[in-house]
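One structure is given here, and the rest of the page talks about it.
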Amino acid sequence: MDMKILVVGGGGREHALTEALSRSSNVTICSVMSRKNPGIAALSEEICLCRETDVPAVVAFAKECGVIYAVIGPEAPLEAGLSDALEAEGISCIGPTRKAARIETDKEFCRNLMKDFGIAGCPAFAAFHDVDAACAYIEASGREYAIKPIGLTGGKGVKIMGEHVGLEGAKEYIREIGGEVVLEERLIGEEFTLMTFVDGEHVVPMPLVQDHKRAFEGDEGPNTGGMGSYSMPDHTLPFVTGDDYRQAVGIMEGILGAMRAKGLVYKGFLYGQFMVTADGPMVIEFNARFGDPEAMNLLALLSSDFGRIVTKIAQGTLGPDDVSFLHKASVCKYLVPEGYPEHPQKGMEITVGDHGDAVLYYANVVEERGVLFTQTSRTLAFVGLGDTLEEAEQIAERAAASVSGAVRHRSDIGTRAVLERRMEHMREIR
Ligand code: AMP
Ligand code: GLY
């Protein structure tokens, strides 16, 4: 008999989660999302359109469908306690409890956990709950900081002094976010993403990925949710050494150990955002979920049965042998509305042309009578897989270029030129 799995969330990441589940044997999918994602809907037996943070509504739907597992995509429902509520009804969640999700939703908690347990890769930091104290601190120190709101901000992200703001801009931003802030030493290096499956006791790493946060080619423009990402056939990145990688995995294991020591239950996906610096890998942040776009790279490459991974996470018996990925390069490119992220053009008709071998993942897009319309966030993504990065990039690029309408994408993601620049930067730093 099929096992029923609930997928929570309606973005590109959740389309990739749903697609990977639909390739598994004996899985039926029910899904909850606030707006109908055409890709997820097509793969689901039943869907419920409601806010993903409306815990009673999601629990009621899950019970009605008779799901045995729930896979939670975004962080907001984790913070709302959806995992706790589903578990209380006997539905095993792939997604941590509200308290364990604080690793993402409370930056002060995260940094204190690293400090208290002596986990490597923690930059110098100070947390504040008061505008004047935070402003006085940066003024007195004369140094540059990464300014991070403590909680989830729904768009208002990190501001880096010397990059996005000067001293006055920094103080203004601290006032704007109300003084609930972590100030961190500004790190210099190259970023990479290490995502892991966590079954409560074991950490199983996935291939490394690199995301591109900036809106425009050449890493120019404002930060976005992520414009695209790539991974390499050998599952590592050329500017990350074997030592860097082992340290990063050790840090992920350290975090799980620290949470266990505090009695926090963590089952799901644990995402580490790292910066390789002259002193090795440092932690930018953790997320209590898959990355978006990184999920699309890796779930397209996943060659083991995702339904089985879900079962093993729920049982606490996941091992490295349960998880395998194709040894191919992957390139993911997001199409976003013209004007994104600051002034996205909403409600614009777009047409997808011949996208060849690229995998299409729908994100923030509405379909009406077979016609697609942009919304305010990232629209849809293409993933190309290939034996080389060049091949994967070409597949994704041709597909992205086939889309007409008021959308754009970064043509440089996954190109050799960008990779060379990252490698050159790391050579300078080391
Ligand atoms: P966001 O997605 O808004 O949380 O922005 C996170 C981005 O801010 C990261 O991808 C980094 O590029 C940058 N960042 C965060 N923390 C630091 C830090 N301590 N030093 C330098 N850059 C940072
Ligand atoms: N790609 C970064 C994130 O999902 O937060």
Exercise. When the Kirkwood radius is taken over all Cα pairs of the range 255-414, what Stokes-Einstein diffusion coefficient follows at 4 °C and 1.567 mPa s, in µm²/s?
Worked result: 72 µm²/s
Exercise. Rounded to the nearest whole Å³, what is the per residue volume of the convex hull around the Cα atoms of the range 153-200?
Worked result: 144 Å³
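Report in % the part of the accessible area of the range 72-211 that belongs to carbon and sulfur, leaving out ligands and nucleic acids; probe 1.4 Å. Don't skip to the end; give the middle numbers.
Details: 2480 of 5460 Å².
Carbon and sulfur together cover 45 percent of it.
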For this session: Might you tell me the accessible area per residue for the chain, computed with a 1.4 Å probe and given in Å²?
Result: 39 Å²
Exercise. What does the helix-only formula give at 222 nm for the chain: each DSSP H stretch with n ≥ 4 adding -39500 (n - 2.57), the total divided by the residues, and the result rounded to the nearest 500 deg cm²/dmol?
Worked result: -9500 deg cm²/dmol
Exercise. According to the Cα gyration tensor, what semi-axes, each the square root of 5 times an eigenvalue, does the equivalent ellipsoid of the range 138-226 have, listed from largest to smallest in whole Å?
Worked result: 28, 18, 13
Problem set entry | Cα Rg over Rh - the range 254-338, Kirkwood | 1.01
Seminar exercise, completed: Phi-derived 3J(HN,Hα) across the range 129-141 with the Karplus relation (6.51, -1.76, 1.60, θ = phi - 60°), rounded Hz, x for Gly and Pro, is 10, 7, 4, 5, 5, 5, 5, 4, 5, 5, 5, 5, 7
Exercise. Taking amide hydrogens as modeled 1.01 Å from N in the peptide plane, which residues meet the under 5 Å criterion relative to Cys48, leaving out close sequence neighbours?
Worked result: Ser31, Val32, Met33
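How many times 2.2 N^0.38 Å is the alpha carbon radius of gyration of the range 165-295?
Numbers: Rg = 16.2 Å, N = 131, 2.2 N^0.38 = 14.0 Å.
Normalised Cα radius of gyration, the range 165-295: 1.16.
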Problem set entry | Directionally averaged projected area (convex hull, Cα atoms, the range 204-269), nm² | 6.2 nm²
Exercise. What figure in square angstrom, to the nearest 10, would you give for the accessible area of Asp116 with a 1.4 Å probe?
Worked result: 110 Å²
Exercise. In the range 281-350, with Lys and Arg counted as +1 and Asp and Glu as -1 at Cβ, which of these residues, Val283, Leu302, Gly319, has the Cα nearest the positive end of the dipole, that is, farthest along it?
Worked result: Gly319
Problem set entry | Once the Cα gyration tensor of the range 1-105 is diagonalised, semi-axes √(5λ) in Å | 20, 15, 13
Problem set entry | Under the Karplus curve 6.51 cos²θ - 1.76 cosθ + 1.60, θ = phi - 60°, whole-Hz ³J(HN,Hα) for the range 77-91, x wherever Gly or Pro sits | x, 5, 5, 6, x, 4, 4, 4, 5, 5, 4, 5, 9, x, 9
For this session: Report the semi-axes of the equivalent ellipsoid for the range 359-430 in whole Å, largest first, where each axis is √(5λ) for an eigenvalue λ of the Cα gyration tensor.
Result: 30, 14, 9
Exercise. What residues qualify as long-range amide H neighbours of Leu372, i.e. H under 5 Å apart, gap of 5 or more or another chain, H built at 1.01 Å from N?
Worked result: Ile350
For this session: Return the ratio Rg/(2.2 N^0.38 Å) for the chain, where Rg is computed over Cα atoms only.
Result: 0.94
Exercise. Using DSSP loop states and a limit of at most 15 other Cβ atoms within 10 Å to flag GluC sites (Glu not before Pro), what is the longest stretch of the chain containing no flagged site?
Worked result: 202-337
Seminar exercise, completed: Mean projected area (nm²) from the convex hull of Cα positions in the range 63-194 is 9.9 nm²
Exercise. Can you run phi through the Karplus equation (6.51, -1.76, 1.60; θ = phi - 60°) for the range 232-241 and list ³J(HN,Hα) in whole Hz, with x for Gly and Pro?
Worked result: 9, x, 8, 6, 10, 10, x, 9, 10, 7
Seminar exercise, completed: Dividing the alpha-carbon radius of gyration of the range 299-362 by 2.2 N^0.38 Å, where N counts its residues, gives 1.67
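Could you sort out which of Lys99/Lys267; Lys36/Lys312; Lys115/Lys148 sit more than 19 Å apart by Cα distance in this structure? Before the final figure, lay out the partial values.
Details: Lys99/Lys267 12 Å; Lys36/Lys312 29 Å; Lys115/Lys148 17 Å.
Over 19 Å Cα-Cα: Lys36/Lys312.
The values are calculated or read from the model by the stated rules, or taken from the named source; none is laboratory data. Just so we're clear, the structure is a prediction, and the values are computed from it rather than from any experiment. For neighbour counting, all protein chains shown are included, and Cβ atoms are generated from backbone atoms with ideal geometry for every residue, glycine included. Please note that ligands, DNA and RNA were not included when accessible areas were found on the heavy atoms of the full protein model with its side chains. Shrake-Rupley method; radii C 1.70, N 1.55, O 1.52, S 1.80 Å.
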